[in-house]
Every structure is written in structure tokens, then in C-alpha cells.
Amino acid sequence: MRVTKFVEGSFIPSFDGASERFHQGTEHLTRLDVEMMVIHCFRGWSNLDQISKKKFKTIAVPSDFYYRDTSITSKAVQIFNPDIIEVNDLELGLSSGLELSNLQNIPLVFDAQFVSSCLAASYTGEDGALDTIALLEQHLGRCISGATCFTELDREDLASATKTSRERIHVIPMGSDIEKINYRKPNQNDNTVVFMGNMFFLPNQEGVEYIVHKLAPQLLKKYPSLNFRFVGDAPQDIVERYQSKNMEFTGRLENINDVFEGARICLAPIITGGGMRTKTLTYMASGIPVVSSPAGIIGIEADGAILAASSPEEFIAHIDFLLQNLDFSIEIGQQARLLVETKYSWEVFAKMYLTFYNSVLENPQIHNEQPISIENDPFWLQETIEKGRFADNQGDPDNIYLLGDNKKIAIPTNAPDMSDRLKQFLKGY
């Protein structure tokens with residue numbers, strides 16, 4: 001089986017849930033002998049050297065050649081000749097994704113990181129913008145042979161938004177990298193409370209505010225040496241506002257195990273947004289006990305391995321109990337790690353994806369919809385750029401990059417021998 005997967009935003013190294021899903025999903029499907037070719041919209045946010053070391057092939061293209069000009073991606077798709085084209089953005093699916101699906105008569109599938117209309121409602125109250133997104137979602141629903149999402153709630157929302165049959169939407173939860181995340185038993189000397197996530201993302205910003213304003217003041221009165229560690233990309237204004245003796249903003253940590261050094265408790269006070277939280281699964285894999293809001297454990301069969309809290313008072317009570325009861329902390333941390341190993345590893349995830357792909361190929365949906373010209377980038381992308389998360393990283397508008405099998409080849413976008421170079425690069429497939 002051959003799959004062409006489109007990836008926007010950051011890819012490798014993966015420091016948030018979406019990029020981790022793109023990276024680990026592709027990696028583990030390759031291990032199951034699925035031939036993967038990634039078309040990556042390269043904005044300077046990924047490390048091309050790291051991508052080049054992967055077994056799968058990646059073609060990194062400037063944004064214009066991702067959404068609007070398919071002259072390069074169509075050549076690559078024709079040469080690779082995939083069985084399925086997968087997109088993870090509404091806008092890309094309706095533009096280049098649909099055009100290439102029509103060109104090759106290949107099933108188009110949608111990997112829904114979120115339901116756009118639901119998430120957009122959290123960002124804007126503009127009825128016109130929401131109406132436009134709703135129409136685009138219905139258009140996409142007529143074009144795809146199937147879709148994936150994280151939770152049963154997402155499936156209901158996605159089916160409603162796209163007018164797609166629930167049977168064509170497969171629930172595939174997030175995974176956790178148990179190969180890299182070491183189990184760590186907490187001890188009585190640990191005094192760090194961890195929050196991890198991309199803090200340019202609104203639900204994670206809300207999580208920071210919740211901890212700083214509603215939890216930390218009360219906890220520090222009783223435990224003045226307690227340290228709150230916020231890990232991940234964060235806007236400078238948030239860091240400047242809250243960094244203090246007891247509030248540590250580390251930025252990205254290259255080694256995931258450094259996140260949990262000295263950690264006693266992990267928090268997921270998520271209030272808004274949908275989907276499934278990679279942070280929660282990462283916490284669980286570490287063996288450090290987790291306290292989460294209900295939204296932070298949607299789609300996770302916690303089986304008593306996570307303490308749920310619906311108010312600041314409940315969060316504080318659970319944190320206090322864990323700090324006073326080390327044996328219980330160790331016990332639920334062990335339960336959480338075992339749960340991730342059996343139900344939420346990336347290996348399990350890849351097998352579920354393979355089942356989904358096979359179901360699509362057994363019953364592809366034929367459509368006659370025409371591609372839509374997309375003028376604006378996805379709203380989540382616009383917000384990321386406006387907030388300056390990757391302001392210091394720039395792409396390369398003049399070249400594409402062929403990456404994989406320890407190769408990194410730059411080709412000018414106007415190269416007259418583009419087809420020949422792509423054939424040479426993809427000849428092993």
C-alpha cells in the first residue's frame with residue numbers, strides 16, 4: 001500500500017500534538033510496510049536534516065506550491081502513484097488535495113486534527129466566518145472517502161459538520177512515544193508541578209492562566225518550595241508576565257525525559273477546544289501522576305489512572321492529596337504507564353490506521369466535486385504566524401527539498417528537469 005500524506009506547519013522535530021501525530025504515524029506505518037511519501041509545506045519550522053534521516057520520503061515545498069500551484073506536487077504524486085491521498089487541513093483538502101485526487105482518481109481522506117467549525121467558534125464570534133467554514137466542511141464531506149478523528153465526540157461533531165456518514169469516520173486516538181519516554185517513579189524530594197504544551201495555542205494559554213491565578217497562590221501558601229514548570233513554546237509576553245522564582249518557563253526541551261526531571265505531579269487544566277490531548281498521554285507514559293480537567297482526558301480510558309477535577313478547589317485538593325501520599329502517587333503512575341503501553345502506543349495507532357486505509361480501499365467514495373481556490377491560509381495557521389511562534393524561522397521560496405534515506409537534495413522550483421529529478425529520487429518505490 002502507498003499513501004501520500006500532506007503535512008502543514010511543523011513536522012520534525014515534533015514538539016506538539018499535531019506534529020507528533022504526523023511524525024510518529026508516518027514512522028510507524030512505514031514499519032508496517034506501508035510506503036509513505038510526505039508532501040510537507042516547509043516554512044522553516046522543521047529540521048530538514050532530521051527529516052532526511054527517515055526511511056520514508058519527504059518532499060518539502062514552499063507554501064505556494066502546497067495550496068495553489070500543483071505543478072510540483074502533481075508530478076510527485078503521478079510518479080509515486082499512491083493508493084490514498086491524506087490531508088489534515090480543510091483548506092488543503094479542498095484545493096490541492098482535491099485536485100490531485102481527481103487527477104489520479106485516488107481516494108481522498110481527511111485526518112481531522114480538530115473540527116474546524118467547533119474550534120473556530122472558540123476563537124471568533126463572527127457569524128460570517130463561521131458560516132464560511134461550515135460550507136467548506138460540507139463541501140469536503142462530499143469529496144472524501146473517509147476521515148479519522150480522536151474521540152467519539154469528535155466523530156459526532158465531524159459527521160454533523162461534514163454531513164459524512166459516521167461509518168466512514170474512524171476514531172483513532174492519539175499515541176505516546178513509549179520508546180523514548182522513560183518511566184520515572186516520583187519520590188518525596190520531588191517538588192515540581194509540570195504543565196506542557198504549545199502556549200501559542202489558546203486552550204494551552206488558558207491552562208497557564210488557570211494554574212497561575214487559580215491554583216498556584218493557594219498551593220504556594222502551604223508548599224512554598226513548590227516549583228511550577230511550563231514546558232513548550234510560549235509567547236514572550238506570557239513569559240515576561242509570569243516568570244518568577246516559583247514559575248519556570250523552559251521553552252522547548254529536546255529530550256522529553258528532561259520534562260519530568262524532579263516532577264511530582266503533571267497538570268492538564270484544559271477548558272476549551274476539542275480532540276484528544278497528547279500532553280495527557282505523555283504525562284501518563286512518564287509515570288508521574290496526572291490531575292486533569294474533564295476536557296483534558298476526553299477520549300482516554302483512564303481507568304482510575306488519572307485524577308479528574310472540575311474546579312480549582314478539586315484541583316487543589318487532588319494535588320494536596322498526592323503531595324501527602326507518595327505510595328498512591330506511585331501506584332496511579334504505574335497504572336497510567338501500563339495503560340499507555342497497552343492502548344495508546346504509536347504501534348497500536350499505526351495498526352488502527354492501516355485498518356482505516358484498508359476500509360477506504362475496499363469501498364472508495366467516488367465524487368465529481370471541483371477544487372476550490374483557497375486565498376487564505378487555515379485560521380489556526382494565521383493565528384500561529386500572527387502570534388510570532390516561528391518568527392525567527394523562515395522557509396525557502398525558491399527551492400524544494402527531497403528528503404529521506406539519508407538524502408537531502410535541493411532543487412530550484414523552476415528546474416526544467418524537475419520530473420527526472422523526482423523520478424530518480426522516488427525510483428525505489
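The values are calculated or read from the model by the stated rules, or taken from the named source; none is laboratory data. Everything numeric in this text was worked out from a predicted model, so none of it was measured. Note: ideal-geometry Cβ built from the backbone for every residue, glycine included; neighbour counts use all protein chains shown.
Quick check on segment 10-30. Is at least one of its residues more than 30 Å from Ala295 (Cβ to Cβ) and not in a loop (DSSP other than H, G, I, E, B)?
yes
Identify, please: which residue in segment 242-265 is touching a residue at least 40 places away in the same chain (Cβ under 8 Å) and of a type in the set (Val, Ile, Thr) and is, among those, nearest to Pro224 (Cα to Cα)?
Of everything passing the filter in segment 242-265, Ile265 is nearest to Pro224 (Cα to Cα).
Scan segment 46-66 and give yes if some residue there is acidic (Asp, Glu), surrounded by fewer than 17 Cβ atoms within 10 Å (Cβ to Cβ), part of a helix (DSSP H, G or I) and at negative phi, otherwise no.
yes
How many residues are surrounded by fewer than 22 Cβ atoms within 10 Å (Cβ to Cβ) and in contact (Cβ under 8 Å) with a residue 60 or more places away in the chain if we restrict to segment 300-322?
The qualifying residues number 3.
Check off (1) touching a Pro at 6+ places or on another chain (Cβ under 9 Å); (2) surrounded by fewer than 20 Cβ atoms within 10 Å (Cβ to Cβ); (3) at pLDDT below 85 for Ser116 and give me the number that stays unchecked.
Unmet condition: (2).
Examine segment 137-158 for a residue that is surrounded by 23 or more Cβ atoms within 10 Å (Cβ to Cβ) and under 30 Å from Arg229 (Cβ atoms), and state whether such a residue exists.
yes
It is to be established whether one or more residues within segment 238-246 are crowded, with 21+ Cβ neighbours inside 10 Å and either under 17 Å from the mean Cα position of the chain (by Cα) or of a type outside the set (A, V, I, L, M) (or both).
No: segment 238-246 contains no residue that is crowded, with 21+ Cβ neighbours inside 10 Å and either under 17 Å from the mean Cα position of the chain (by Cα) or of a type outside the set (A, V, I, L, M) (or both).
Small (Gly, Ala, Ser) and touching a strand residue (DSSP E or B) at 6+ places or on another chain (Cβ under 7 Å): which single residue out of Ala161, Ala147 fits that description?
Only one candidate passes the filter, namely Ala147.
Among the residues of segment 223-276, which ones are among the basic types (Lys, Arg) and not in a strand (DSSP E or B)?
Arg241, Lys245, Arg252
Just for segment 333-353: of the residues that are within 18 Å of Ser292 (Cα to Cα) and modelled with pLDDT under 95, which one is surrounded by the fewest Cβ atoms within 10 Å (Cβ to Cβ)?
Per the criteria, the residue is Leu339.
For residues that are among the hydroxyl-bearing types (Ser, Thr, Tyr) and part of a loop (DSSP other than H, G, I, E, B), scanning just segment 284-343, find the one that is nearest to the chain's Cα centre (by Cα).
Filtering segment 284-343 for residues that are among the hydroxyl-bearing types (Ser, Thr, Tyr) and part of a loop (DSSP other than H, G, I, E, B), the one nearest to the chain's Cα centre (by Cα) comes out as Ser293.
Here is a list: Glu179, Glu206, Glu167. Which entry is closer than 29 Å to Ser225 by Cα and acidic (Asp, Glu)?
When all the criteria are applied, what remains is Glu206.
Kindly indicate whether Ile106 is under 21 Å from the mean Cα position of the chain (by Cα) and either among the small types (Gly, Ala, Ser) or modelled with pLDDT of 90 or more (or both).
no
Out of all the residues in segment 19-33, is one or more under 28 Å from Gln370 (Cβ atoms) and either buried (at least 18 other Cβ atoms within 10 Å of the Cβ) or modelled with pLDDT of 95 or more (or both)?
yes
Being surrounded by 15 or more Cβ atoms within 10 Å (Cβ to Cβ) and assigned to a helix (DSSP H, G or I) is the filter here; which residues of segment 161-201 pass it?
Once the filter is applied, which keeps residues that are surrounded by 15 or more Cβ atoms within 10 Å (Cβ to Cβ) and assigned to a helix (DSSP H, G or I), segment 161-201 yields Ala161, Thr162, Arg168.
Which one is surrounded by the most Cβ atoms within 10 Å (Cβ to Cβ), of the residues in segment 252-271 that are over 14 Å from Gln205 (Cα atoms) and of a type in the set (Gly, Ala, Ser)?
Ala263
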